[in-house]
Structures are given as structure tokens and as C-alpha cells.
1. What strands (runs of 3 or more DSSP E), lying completely within the range A:1-87, carry at least 1 residues that are open to solvent by 50 Å² or more (accessible area, probe 1.4 Å), of a type in the set (Ser, Thr, Tyr) and within 12 Å of chain B (Cβ to nearest Cβ)?
2. Of everything in the range B:97-113, what is surrounded by fewer than 20 Cβ atoms within 10 Å (Cβ to Cβ) and assigned to a strand (DSSP E or B)? Give them in sequence order.
3. (1) within 24 Å of A:Ala91 (Cα to Cα); (2) more than 10 Å from chain A (Cβ to nearest Cβ): which one isn't true of B:Ser7, the others all being true?
4. Go through (1) open to solvent by less than 80 Å² (accessible area, probe 1.4 Å); (2) without any contact (Cβ under 8 Å) to a residue 60 or more places away in the chain; (3) more than 30 Å from A:Pro8 (Cβ to Cβ) and name the single condition B:Glu53 misses.
5. For B:Ala92, all conditions in the list (1) aliphatic (A, V, I, L, M); (2) assigned to a strand (DSSP E or B); (3) closer than 16 Å to B:Gly16 by Cα hold save one; what is the number of the exception?
6. Filter the range B:44-72 for residues that are closer than 14 Å to B:Thr31 by Cα and of a type in the set (Ser, Thr, Tyr); which is nearest to the other protein chains (Cβ to nearest Cβ)?
7. Could you check the range B:76-96 and list, in sequence order, the residues that are open to solvent by 10 Å² or more (accessible area, probe 1.4 Å), within 14 Å of the chain's Cα centre (by Cα) and closer than 18 Å to A:Ala45 by Cα?
8. Could you list, in sequence order, all residues of the range A:12-28 that are under 17 Å from A:Asn67 (Cβ atoms) and either over 11 Å from the mean Cα position of the chain (by Cα) or of a type outside the set (A, V, I, L, M) (or both)?
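The values are calculated or read from the model by the stated rules, or taken from the named source; none is laboratory data. Since the structure is predicted, the reported quantities are computational estimates derived from the model, not experimental observations. Cβ: placed from backbone, ideal geometry, glycine included. Neighbour counts: every protein chain shown. When the accessible area is computed, the model is the full protein with side chains, heavy atoms only, and any ligands, DNA or RNA have been set aside. Shrake-Rupley method; radii C 1.70, N 1.55, O 1.52, S 1.80 Å.
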Amino acid sequence: QQQVKQSPQSLIVQKGGISIINCAYENTAFDYFPWYQQFPGKGPALLIAIRPDVSEKKEGRFTISFNKSAKQFSLHIMDSQPGDSATYFCAASGRNYGQNFVFGPGTRLSVLP
Amino acid sequence: DAGVTQSPTHLIKTRGQQVTLRCSPKSGHDTVSWYQQALGQGPQFIFQYYEEEERQRGNFPDRFSGHQFPNYSSELNVNALLLGDSALYLCASSLGARTGELFFGEGSRLTVL
């Protein structure tokens, strides 16, 4: 129940294309869903986050879509660029969890020039 | 504005030894948590410190212990090192102990031989 499932494990997209990464959770106590971007040798950096009171949140080229009934959320990267090549992690936490975030296993994105 | 800083960046230990990792939170932050990231996996929550007390703990044995100092900096101690403890150890900080945006450091890469 504490797991966050993430797919695909790896993704190759052409420059300018749309990258889509999907996550699913089981714990209905989760109410905060961030996405993190990690480059090799660096720590994860927050990209965008959503709470379940909205179904979509957009920041620049990054959009989170959230489906509360299905307990799923996804990250869309529009106009993907080679500089977006990194590993992306979805995560989930809840009001009583503090900084205890459950992370997905990650998706390695490669954007071809 | 200094971000989360961790030291050392890399270290090598042998089985059975003890290690101490250090973290300074982002300026203005008062809550620190530690995560273990094995190669090719998502970060796993170890524990969280707020007001110099451990507030949340993940599924890690007592060999993993920590401390938070009055200046909000923190240490992670691991005793009786095992080969499986080899990982990237990430420190994250936030303002307040409730769920919200986490800022990660670049991590300390521990190799146990």
C-alpha cells in the first residue's frame, strides 16, 4: 500500500516531442504528489507538484495530470529538449507523513537531437 | 542563497566500520530528512528531524541513527556497515515539519567494500 508504481522504466523521445510518464499509488492518505528531476551525480530537484483538489497543473512545458478516482497521475513534458534528458521520479506523501515521501523507481528519459 | 550542502561527497569504508555524514539545510529551513538511494532506484526515506528530535522514521534498522543540532544542521550515522549500505545518501530540507516542498543536496556517495 505504500508503493508508488512508475512507468515506463525508460523513454526515448525525439526533440520537440511529448514525453509522458505515468505513476499509480494505493494509499488514499496521500495528498501531495511531486515530480523530481535528477541528473547524474546530482540530487533530485523539484519540477512540479500537485494536490488532489485539482486535476491538472501546468508550469511552462511541464504538466501534471491527476486522476483521483483511478489513483493515477502523470507528467507530460511538451516540446521535449535534449537538456531534459534525465531521470524523473514521481513521489507521494500525506498530511501526517511529514518529509516521508514514497518515490517511484524512476524513468530514464533520453531526448534525441 | 546557499542550498542544501552535504559532506563528504564520496567516501569508501569497509564492512563493520562506522560512518558519519553531514548536512547543512537550505538557508531558512528548519527540518531535515535523510534518504538512501541505491543505484538505479528511487530514494528511500530514512528519517526526519525537526526541533532536534526524530519525528518520522522509515523502515531502516537501528544501525542508522541521526542528530540535529541547534543550527538545524544534521548528521547521519551508520554503524556496523554492510555491503548493502553502499548507496547515495541524500539530505533534504524544508521549512516546517509538514509535507511540502523538499530541497535536496547532491548527496554523499558511500561505497562499502
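1. Working: elements: A:4-7, A:10-14, A:19-25, A:30-38, A:45-50, A:56-59, A:62-67, A:72-77.
Strands (runs of 3 or more DSSP E) meeting the threshold: A:10-14.
2. Once the filter is applied, which keeps residues that are surrounded by fewer than 20 Cβ atoms within 10 Å (Cβ to Cβ) and assigned to a strand (DSSP E or B), the range B:97-113 yields B:Phe103, B:Arg109, B:Thr111, B:Val112.
3. Only one criterion is unmet by B:Ser7, namely (1).
4. Exception for B:Glu53: condition (1).
5. (3)
6. B:Tyr50
7. Scanning the range B:76-96 gives a single hit, B:Leu88.
8. Start the filter on the range A:12-28 by keeping residues that are under 17 Å from A:Asn67 (Cβ atoms), which leaves A:20-28.
Matches in the range A:12-28: A:Asn22, A:Cys23, A:Tyr25, A:Glu26, A:Asn27, A:Thr28.
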